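Presented below is the structure to which this report refers.
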Amino acid sequence: MKWLRERGASILGSDVVQDVRPSRVESVNQPIHQMALMALGMPLIDNADLEALSEEAARRRRWTYLLTINPPRVPGATGGPVNPIATF
């Protein structure tokens, strides 16, 4: 998390969940989720299809893109499905 903070990361996404199970931090369940969401205010994307993104970037020979995400507003929810869109 320190590495992400130092680089000004605004979102953390991966093709799996970010936390190792079981947690390697004693008495803390999902430490990455807790630090990202609560300490840094950083949204998380779990289970992203990064392979499709990398294939499209390679096909276009473009490695930068605009990522947009529009999560639904669900009162009281702590997460929900999203459809991230990469615009090259």
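Bear in mind that the values in this text are calculations on the coordinates, not laboratory data. Model, not experiment: these values are computed from the prediction.
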In the list (1) 14.8; (2) 15.9; (3) 13.0, the entry giving Kirkwood radius over Cα pairs in Å computed from the coordinates is (1)
Computed over the chain: longest principal axis from alpha-carbon atoms vs helix 50-60 long axis, angle to nearest 10 degrees, is 30
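Where does the chain land at 222 nm, in deg cm²/dmol rounded to the nearest 500, when only DSSP H runs of n ≥ 4 count, each adding -39500 (n - 2.57), divided by all residues? Each step should come with its number before you reach the end.
Values: 2 runs with 16 residues, N = 88.
Value at 222 nm, helices only: -5000 deg cm²/dmol.
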